[in-house]
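Note sheet for the following structure.
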Amino acid sequence: MTPFLAAFGLSGGELLLVLTAVLILFGAKKIPEFAKGLGQGIKEFKKASREVQDEIERAAEDINPTQHSVPPPPPPSVEPQQTQEQNPTATASSTEGAPPPAPPSA
């Protein structure tokens, strides 16, 4: 017995009895139509569940963006300040207001 049939508690004889009753009640022409409708219903259900799952994932993506989204731009680079020794073209105005250097002691 397959696990599917075991879930319904049907044995081989009981399954044959149910299938015979369905065939007698609905006829051989209606059973394929029922199967087709059931297949389309299952297909639509799977499509709807995928759409709902995708929508949930998009909402979660909007709340918590992951690495898959566009990374933020890098911060602007800051150039190091140049001293007068590094830049001999610096003007004397940059040393205005600074005390004069102390004379060497002898």
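Only the coordinates and a few stated rules stand behind these numbers; no lab work does. Note that the structure is predicted; figures quoted are calculated from it, not measured. Don't worry about glycine lacking a Cβ; one is built from the backbone with ideal geometry, like all the others, and counts go over all protein chains shown.
Below is a table of values for the structure above.
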{"item": "Contour minus Cα-Cα distance for Ser105 and Glu33 (0.36 nm per residue)", "result": "14.8 nm"}
{"item": "³J(HN,Hα), Karplus 6.51/-1.76/1.60, whole Hz, each residue of the range 17-23, x for Gly, Pro", "result": "5, 5, 4, 5, 5, 5, 5"}
{"item": "Under Karplus coefficients 6.51, -1.76 and 1.60, residue-wise ³J(HN,Hα) of the range 54-64 in Hz, glycine/proline x", "result": "5, 5, 5, 5, 5, 5, 5, 5, 5, 6, 10"}
{"item": "FRET efficiency, 1/(1 + (r/R0)^6) with R0 25 Å, evaluated for Leu19 and Ser49 via beta carbons", "result": "0.25"}
